[in-house]
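Single-structure report; data block below.
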């Protein structure tokens, strides 16, 4: 019985050590931050990509409001082990909508935004220079939000031009980072 208890205690200590060690790694920090986002009422974890490199956390994505952006940055900065946070978040705002994530919009406006998103995404996927699978497209009140990674400045500019030249697009907010090899 004593041997079994000692073995169980050893397994628990090893497991706890592993959890503590993982929390100090970049992957552990990323996981902790994503868990904080998932538990928060204002932040939508699915809207934010979290990456960590040597304790530096990068947040990318398009969030519903300036409040959600501020809260996400605060949660990341207040995570033990984080040395700094790179803000690559865009807050969606509709014209006159302020911080409201869903201002009163007609069905037609919502359908128009969905049509624009589909058109831009199709154009990105069809273009030989642009790697459309690495770019997320979201549209809000005719404003297209591009988020993701590109391989070159030329690819970034091409993606922005394709979006700008799509019928119904009023503006393009590009949150595209250049992939480093």
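No value in this document is a laboratory result; all are computed from the given coordinates. Worth saying up front: this structure is predicted, and the values here are computed from it rather than measured. No Cβ is skipped: glycine too gets one built from the backbone with ideal geometry, and neighbour counts run over all protein chains shown.
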- [ ] Compute the FRET efficiency between residue 42 and residue 112 as 1/(1 + (r/R0)^6), taking r as their Cβ-Cβ distance and R0 = 22 Å, and round to the nearest 0.05.
- [x] 0.20
TODO: State, to one decimal in nm, how far the label point of residue 77 lies from the label point of residue 31, with both points 7 Å from Cα in the Cβ direction.
DONE: 2.7 nm
TODO: Can you grab the distance from the C-alpha centre of the stretch 143-181 to the C-alpha centre of the stretch 111-130, Å, no decimals?
DONE: 11 Å
Task: Counting all C-alpha pairs of the stretch 107-178, share separated by more than 18 Å (%) - done: 27 percent
